[in-house]
Amino acid sequence: MLLKNIRNFNSSIYISSRHCFRPYSQGNVNEESYIEDEFRVLNLRKTKGKQRENAKKSKPPSVPPPRYQQMATDQDWSAVWPGPRSFHPATVPLPLRQGWVPLHKTTPGKFANAELMKIPNFLHLTPPAISKQCEALKKFCTPWPKILESEEQQEKHFPVKFISSDYVHGLPTIRNPLSRIVTIKLNLDNLQLDKHAKDKFLRLVGERYNEQTNELTIVTDRCPLKQQNYDYAMYLLTALYHESNITEEWENTKQEADMEYYDWHRNKSKVTSTEILNWRSTSDKKIDPPQGYINSVETLMNEGENDYNLNKYKEEVIKMLGLS
């Protein structure tokens, strides 16, 4: 049985191979009909053509008009543009144009304009939107204190002024090196220093003190962060205040030649003027020079001679001696 099946299989292979490799010239056999009968033909052209016909027949999807053409004239803009986002030409109802073009050319419009999309905008901060946000934040705010209505009261309760800057720019980083700089200002009278402490304080701060406005200015920019520079500035102010109120032992042994400024109470002028006023006086109570004369002498010796100081000293001497 097995041999019979093998023989039938070999004969079938022989017949099919003989039929396949039959030459085209035998008899009157048509070549095209022979191929169609024996092999299935794959016609790619007809398939592509049908696909193209189907593609041509398909209708393109309907594109809706831009949103700004469908919005009403009284549209709530804060609902359309509630927060910061990139520019969208179909939403903004403004004929914006931006971009460089050659001479006698029209500036590009807002559609497909990369210049409008890459820059920051403040379309979410319109006056009505800001008013709405302020109304929403009012319930979290407290009323302004009545004792701080004037600038004098504000300076009395908050003597230290803190000044810093924030910057908005288009860079890869949100940090600007200049935003770390901190400035604090303070009126020197608010520190309530005595004469010794004030003189020592002014010598420590140097050029940071403005004599005309009686204001101290400290600028810090050593640290990388704003808060660090603020803490450093407050540390400097605290250290200067406490250091000025310290009196060293060697300061009590200072003589007139060691003084950095002219002090009336430690100078011979006090003794001389007191003796002149009490000349021929029989009373045990001595007459002291007036405060105006003391101030004029100190100003003349510390600031130097000028027309104003000399005239002031002259007036005080005449008034003290009663020669007017």
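The values are calculated or read from the model by the stated rules, or taken from the named source; none is laboratory data. Since the structure is predicted, the reported quantities are computational estimates derived from the model, not experimental observations. Here the Cβ is made from the backbone with ideal geometry for all residues, glycine too, and neighbour counts use every protein chain on show. Each accessible area value is taken on the protein alone, full model and side chains, heavy atoms only, with ligands, DNA and RNA left out. Shrake-Rupley method; radii C 1.70, N 1.55, O 1.52, S 1.80 Å.
Tabulated data
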item: Meets criteria (surrounded by 15 or more Cβ atoms within 10 Å (Cβ to Cβ), in the same structural domain as Asn302 (by TED's automatic domain parsing) and over 47 Å from the mean Cα position of the chain (by Cα)) for Lys285; result: no
item: Residues (of a type in the set (Val, Ile, Thr) and either loosely packed, with under 12 Cβ neighbours inside 10 Å or in the same structural domain as Thr217 (by TED's automatic domain parsing) (or both)) located in the stretch 233-275; result: Thr238, Ile246, Thr247, Thr253, Val271, Thr272
item: Residue in the stretch 166-180 that is surrounded by 14 or more Cβ atoms within 10 Å (Cβ to Cβ), touching a helix residue (DSSP H, G or I) at 6+ places or on another chain (Cβ under 6 Å) and under 30 Å from Ser244 (Cβ atoms) present; result: yes
item: Looking only at the stretch 66-94, and only at residues there that are of a type in the set (Ser, Thr, Tyr) and assigned to a loop (DSSP other than H, G, I, E, B), the one that is farthest from Pro172 (Cα to Cα); result: Thr73
item: Per-region count, the stretch 72-123, residues free of Cβ contacts under 8 Å to residues at least 40 places away in the same chain, in contact with a helix residue (DSSP H, G or I) (Cβ under 8 Å, 6 or more places away or on another chain) and among the hydroxyl-bearing types (Ser, Thr, Tyr); result: 2
item: Yes/no for Arg97 being modelled with pLDDT of 60 or more, open to solvent by 100 Å² or more (accessible area, probe 1.4 Å), in a loop (DSSP other than H, G, I, E, B) and within 30 Å of Leu125 (Cβ to Cβ); result: yes
item: Residue list for the stretch 156-172, filter: within 18 Å of Thr217 (Cα to Cα) and within 14 Å of the chain's Cα centre (by Cα); result: Ile163, Ser164, Ser165
item: Residues of the stretch 181-209 satisfying the condition of being open to solvent by 70 Å² or more (accessible area, probe 1.4 Å) and under 30 Å from Asp166 (Cβ atoms); result: Glu207, Arg208
item: Residue check, Leu186 not acidic (Asp, Glu) and not in a helix (DSSP H, G or I); result: yes
